[in-house]
Amino acid sequence: MGFFNLYKPREYDYRYIYYDPEKEKRQEREKQMSNEKDTGEYRPFIKRGTFREMADKNRSARVEQMRKSNIRLIAIVAALVLIAYLLLR
């Protein structure tokens, strides 16, 4: 019991009961995103005319999908008519 010895309380060591891996992954992603923002400079990826080009591209894809869908529908209807004809004959 020295003169300059002061009382130090015992530190509380809290152990977590629940572990949330999703929260840990989210925090890691947020940390990576903040690091990317700090180091990289802003580069816009939308350029003039991009929306029109995408609309044209989507239009042609939509027309192609409709065409394929119509062909499938005709094939299914033909198969059903053939099956009905064979069953009723």
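The values are calculated or read from the model by the stated rules, or taken from the named source; none is laboratory data. Remember, it's a predicted structure, so these values are computed and weren't measured experimentally. Because the Cβ atoms are built from the backbone with ideal geometry, glycine has one as well, and the counts that use them run over all protein chains shown.
Here are the numbers:
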{"quantity": "Extreme residue, modelled with the lowest pLDDT, among residues of segment 12-47 that are among the hydroxyl-bearing types (Ser, Thr, Tyr) and in a helix (DSSP H, G or I)", "calculated": "Thr39"}
{"quantity": "Any chance Thr50 is surrounded by fewer than 10 Cβ atoms within 10 Å (Cβ to Cβ) and either at pLDDT below 80 or touching a His at 6+ places or on another chain (Cβ under 9 Å) (or both)", "calculated": "no"}
